[in-house]
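**Student:** Just dropping this structure here.
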Amino acid sequence: MALNVKPIEAASTKWTDNASRAAGEYAANAAASAEDWARKTAASMDTYGQAISAPGIKNRFRVGVVKAGAAKYARKINDVARDRFGPGVAAAKDDYKSGAEPYYTLLAGLTLSPRKPKGDPSNYQRVEQVGKALNAKRLAMLGSGGG
């Protein structure tokens with residue numbers, strides 16, 4: 001005997017209606033679980049390492065991208081991301097500032113080798129000095145101390 005399954009149109013409509021009404025509850029419960037999320041996520045580093053190095057993970061990633069496709073990517077930008085982009089950027093202002101400030105301070109304190117005439121290959125050393133300083137700062141902030 002076949003299972004009695006609700007039509008997909010009815011199920012997707014019900015899901016959309018119920019999920020749309022749950023935004024306030026989602027926000028309250030998600031915010032309340034922040035400490036628990038941080039603790040458990042930090043503790044899952046071994047699981048994360050295993051997941052990203054699992055056999056076939058690169059191919060599964062590629063298959064997922066191909067399955068979703070460019071059309072879905074574009075549709076989600078138009079249907080969702082476009083209207084959320086501005087408010088998301090505004091909400092991230094303080095995070096951007098606190099994340100970028102150490103790099104701005106570092107750059108403001110750098111003393112580079114003297115600039116040579118335009119086209120002189122030694123000018124690339126100035127770029128290298130900036131790159132090395134920024135990478136060292138990034139690694140120090142990550143607490144990794146190296147590659």
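**Student:** Helix 82-91: angle to the longest alpha-carbon principal axis of the chain, degrees 0 to 90, nearest 10?
**Tutor:** That works out to roughly 50 degrees.
**Student:** In a shell of Cβ-Cβ distance under 13 Å around Pro114, excluding Pro114 itself, what net charge do Lys and Arg (+1) and Asp and Glu (-1) give? Could the numbers behind the result be given before it?
**Tutor:** Values: positive: Arg115, Lys116, Arg126; negative: Asp120.
Overall, the nearby charge balance is +2.
**Student:** Considering all alpha-carbon pairs of the range 29-96, what whole percent are spaced by more than 14 angstrom? Working shown, then result.
**Tutor:** Working: 1764 of 2278 pairs.
Here the long-distance tail beyond 14 Å is 77 percent of all Cα pairs in the range 29-96.
**Student:** To check my understanding: the extent here is largest minus smallest coordinate of the Cα atoms along each principal axis. What are those three numbers for the range 101-147, in Å, largest first?
**Tutor:** Between the extreme Cα coordinates on each principal axis of the range 101-147 lie 38, 22, 11 Å.
**Student:** What is the mean projected area of the alpha carbon convex hull for the chain, to one decimal in square nanometres? Mind dumping the intermediate values first?
**Tutor:** Values: hull surface 68.7 nm².
Mean orientational projected area (the chain, Cα hull): 17.2 nm².
**Student:** Next question. Net charge around Asn123, counting only other residues with Cβ within less than 14 Å of its Cβ (Lys, Arg = +1; Asp, Glu = -1)? Walk me through the numbers on the way to the answer.
**Tutor:** Values: positive: Arg115, Lys116, Lys118, Arg126; negative: Asp120, Glu128.
In short, +2.
**Student:** Also, I was wondering about something else. If you line up the long axis of helix 23-32 against the longest principal axis of the chain, both from Cα atoms, how many degrees apart are they, to the nearest 10?
**Tutor:** Relative to the chain, helix 23-32 is tipped by roughly 50 degrees.
**Student:** Relative contact order of the range 101-147, please, whole-number percent, based on alpha carbon pairs below 8 angstrom and at least 6 residues apart. Walk me through the numbers on the way to the answer.
**Tutor:** On the way: 20 pairs, mean separation 16.5, N = 47.
That works out to 35 percent.
**Student:** Turning to a different aspect of this structure: List the relative contact order of the chain as a percent without decimals, with contacts defined as Cα pairs under 8 Å and 6+ residues apart. Could the numbers behind the result be given before it?
**Tutor:** On the way: 21 pairs, mean separation 16.0, N = 147.
Reported as a whole number, the value is 11 percent.
**Student:** Then there is this: Which value in deg cm²/dmol, rounded to the nearest 500, describes the helix-derived mean residue ellipticity at 222 nm for the chain, given -39,500 (n - 2.57) per DSSP H run of n ≥ 4 and division by the residue count? Present the calculation step by step, with values, prior to reporting the outcome.
**Tutor:** On the way: 8 runs with 109 residues, N = 147.
So the calculated ellipticity at 222 nm is -24000 deg cm²/dmol.
**Student:** For the chain, set up a GNM with springs between Cα atoms under 10 Å and report which of Arg62, Arg115, Arg82 has the largest fluctuation.
**Tutor:** Arg115
Each reported figure results from applying straightforward, stated rules to the coordinates on display, with no laboratory input. These figures come from a predicted structure and were not determined experimentally. Ideal geometry is used to build each Cβ from the backbone, glycine not excepted, and the neighbour counts take in all protein chains shown.
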